[in-house]
Amino acid sequence: MDNKFKNIGVLLLTIALGGCSESAAQHQKSETITVVTSRTLNSADFIKPTTVPTTNTEREALLNSLNINADSSIDKRRLALFVRYTYFANSQDRQLKTLEQLVEEIAVMRKTRPDDHELTALHGSATCLQAVFFLNNLGRTNLLSKKGSRYLDRAVKNEPNHLGVRLYRGITYAEMPAFLGKGRQAVEDFSLIKNAAAPETDDKFAAMVDYYYAMALIKDQQKNNGRKLLTSLIGKNIVPWSERAAALIKEKG
C-alpha cells in the first residue's frame with residue numbers, strides 16, 4: 001500500500017486550515033479503544049491480515065489467477081477487492097472513476113458482511129484516497145476524509161486485535177501530516193502488529209511494516225526512533241522498502 005497518499009498532505013492541510021479536522025485530544029475523549037497487549041495474548045488471539053502481494057507485478061498475477069467472474073465465490077471476490085485496491089493505490093495512473101467503482105463494490109460487499117471489520121477498514125482507506133481528487137472542493141474533501149476516518153476508527157474499535165484492520169488504519173494515519181495528531185494512533189497500530197508478528201513473517205511484509213512504523217514514529221515526534229528503524233531497514237536491502245527508507249531519511253533530514 002506504499003505511496004498511496006502521495007497528495008494526502010496537501011489535502012489534509014486544506015482540511016485543517018478549514019477547521020474541519022478533529023484534534024487528537026478531542027478524538028481521544030470521544031472514543032476510547034481498549035487494547036489487550038500481546039503480553040497477555042498468544043498468537044491465536046490475533047487475526048491475521050488478508051494476504052496481498054507487496055508489488056503490483058505480483059498483484060496483477062494474483063488477479064489473473066483469480067479470474068473473477070459472475071460465478072466466483074464471495075471469498076474470491078473479497079480477496080480481489082483487496083488486491084485491486086492496493087494495485088490502484090500503487091499505480092502511477094490513477095483515475096477517479098476507477099476508484100469510485102472500487103469504493104462502490106466494497107460498500108456493496110460490506111452490506112453482506114457487516115461483521116467483516118477488515119473490509120470496513122479497506123472501505124475507510126479507499127474513501128480517504130478519493131478525497132485527493134477533490135482538492136479544489138473543501139466540502140467534498142472534508143466529507144470524504146472524515147467519513148473514511150470514521151470507518152477506520154470504527155473497525156479498530158470493533159476488532160482491535162485484527163492485524164489487517166490495524167494495518168490499513170496505521171498506513172493511512174502514518175501518511176497524514178504530523179499536526180493532525182494521528183501519529184499516536186498509527187504508532188499504536190504498528191506496535192501491536194510488530195508485537196503480534198509470528199517468527200515466520202514474510203520479510204517483505206515485515207519491511208513494509210517497519211517503513212510505515214518509522215514514518216508513524218516521526219509523525220509522533222519520535223524522530224530518533226524513527227530514523228533508527230529506517231537505518232536498520234536500509235541495511236536489510238529489501239526491495240523496495242530499503243530504498244524507500246533511504247529516501248525518507250533524506251527527505252526528513
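Does Arg110 satisfy being without any contact (Cβ under 8 Å) to a residue 60 or more places away in the chain and over 19 Å from Thr86 (Cβ atoms)?
So Arg110 does not fit the description; no.
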In the range 200-234, how many are farther than 15 Å from Tyr173 by Cβ, under 20 Å from the mean Cα position of the chain (by Cα) and not in a helix (DSSP H, G or I)? 2
If Asp45 satisfies all but one of (1) at pLDDT below 95; (2) surrounded by fewer than 10 Cβ atoms within 10 Å (Cβ to Cβ); (3) acidic (Asp, Glu), what's the number of the condition it fails? (2)
Under 23 Å from Glu243 (Cα atoms), open to solvent by 20 Å² or more (accessible area, probe 1.4 Å), in a helix (DSSP H, G or I) and at pLDDT 95 or above: is that true of Arg154 in this structure? no
Which residue pairs have Cβ atoms closer than 8 Å, lie 6 or more positions apart in sequence or on different chains, and pair a first residue in the range 129-141 that is of a type in the set (Lys, Arg) with a second residue that is assigned to a helix (DSSP H, G or I)? Arg140/Ala131; Arg140/Phe134
Quick check on the range 101-148: of everything there that is hydrophobic (A, V, I, L, M, F, W, C) and under 17 Å from Ile47 (Cβ atoms), which residue is surrounded by the fewest Cβ atoms within 10 Å (Cβ to Cβ)? Leu119
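Only one residue in Ala186, Ala197, Ala206 is without any contact (Cβ under 8 Å) to a residue 40 or more places away in the chain, in contact with a Lys or Arg (Cβ under 9 Å, 6 or more places away or on another chain), within 22 Å of Asp220 (Cβ to Cβ) and open to solvent by 30 Å² or more (accessible area, probe 1.4 Å). Which one?
Being without any contact (Cβ under 8 Å) to a residue 40 or more places away in the chain, in contact with a Lys or Arg (Cβ under 9 Å, 6 or more places away or on another chain), within 22 Å of Asp220 (Cβ to Cβ) and open to solvent by 30 Å² or more (accessible area, probe 1.4 Å) holds for just one of Ala186, Ala197, Ala206, which is Ala206.
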If the requirement is being among the small types (Gly, Ala, Ser), open to solvent by 80 Å² or more (accessible area, probe 1.4 Å) and farther than 14 Å from Ala126 by Cα, which of these qualifies: Ala80, Ala70? Ala70
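The values are calculated or read from the model by the stated rules, or taken from the named source; none is laboratory data. Everything quoted here is computed from the prediction, not taken from an experiment. Cβ coordinates were reconstructed from backbone atoms using ideal geometry, including for glycine residues, and neighbour counts include every protein chain displayed. When the accessible area is computed, the model is the full protein with side chains, heavy atoms only, and any ligands, DNA or RNA have been set aside. Shrake-Rupley method; radii C 1.70, N 1.55, O 1.52, S 1.80 Å.
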